[in-house]
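I have placed the structure first, in the form of structure tokens, so that the comments after it can refer back to it.
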Amino acid sequence: MTMKRFFSILVFILIGPTLAETSNVGSLTGTVRIFNKDGTPRKSHENAIVYIIGFKEDPADEKPQVIQNKKKFKPNVLAITKGQTVSFLNNDTVSHNIFSSSKSRKFDLGLASPPATHEVYFNKSGLVQTYCNIHPDMAANILVLPNKAFAKTKKDGSFSINNIPVGEHKVYVWHKLTKPKYRKVKIEANTKTTMNREVKLTKKLLSHKNKYGKRYKKGKKY
């Protein structure tokens, strides 16, 4: 054995294999283009969620925040990992009563005046539709996922997901006005895979009921 070969083996034992030899993750980038029912493209392709299922991960330490401002939720589309806590902040000039009747997570934060903050823990995967019991136009969708392999599209439809385990995965595209559909994508180690999708909206934006299961009173302003 040559001296060079000896030191190569010694370095491998002491330091371990290089990143390229040990990495078992890759990344996924691409663009989602959103089309209306009539086939015309939307001006903005944001607020679609690209996500991957088939494996579980511990949630991130960060605590996402949903702000109530000008009688709107910001953001009105949020993806999180199962086990995360979301902070709801009333940064408005009026009171709100945030609630959800979704099967994945039911909660009622009660009447809260600004600058009240409440926290909600999400321990089950699924879609959590969130509303205000006072203002019927306020609506947000919280998508609770089993891992951190997800991204929200930007205005141009672009997205990027890192640290995806190698292998073949089902990659879904979710939008509030269509059913999520998947495409199988193979992720390779240390490789940036590209996926471009087109999504056609098929659903109408339906009205919802208040936390008592009744219709909101028409004509009443708050």
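Structure summary
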{"item": "Carbon/sulfur fraction of accessible area - the chain, other protein chains in place, 1.4 Å, %", "result": "52 percent"}
{"item": "Heavy-atom accessible area per residue - the chain, 1.4 Å, Å²", "result": "62 Å²"}
{"item": "Once exposed loop GluC sites (Glu not before Pro) are cut out (DSSP; at most 14 other Cβ, 10 Å), longest piece of the chain", "result": "63-187"}
{"item": "With Cα atoms, 0 to 90° folded angle of helix 3-15 axis to the chain main axis", "result": "30 degrees"}
{"item": "Full-extension gain in nm, residue 215 to residue 124, via 0.36 nm per residue minus C-alpha separation", "result": "30.0 nm"}
{"item": "Members of 106/148; 181/217; 43/217; 155/176; 56/209; 124/200 lying beyond 26 Å, as alpha-carbon distances in this model show", "result": "181/217; 43/217; 56/209; 124/200"}
{"item": "DSSP-assigned coil residues among trypsin sites (Lys or Arg not before Pro) in the range 91-160, each with at most 11 further Cβ atoms within 10 Å", "result": "103, 155"}
{"item": "³J(HN,Hα) computed for each position of the range 106-117 - Karplus, 6.51 cos²θ - 1.76 cosθ + 1.60, integer Hz, glycine/proline x", "result": "9, 7, 9, 8, x, 6, 10, 8, x, x, 5, 10"}
{"item": "Label selected from (1) 13.1; (2) 16.3; (3) 12.1, the criterion being mean projected area of the Cα convex hull in nm² as computed here", "result": "(2)"}
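The values are calculated or read from the model by the stated rules, or taken from the named source; none is laboratory data. Since the structure is predicted, the reported quantities are computational estimates derived from the model, not experimental observations. When we count neighbours, we look across all protein chains shown, and the Cβ atoms used for this are built from the backbone with ideal geometry, even at glycine. Remember, those area values only see protein heavy atoms, side chains included, never the ligands or the DNA or RNA. Shrake-Rupley method; radii C 1.70, N 1.55, O 1.52, S 1.80 Å.
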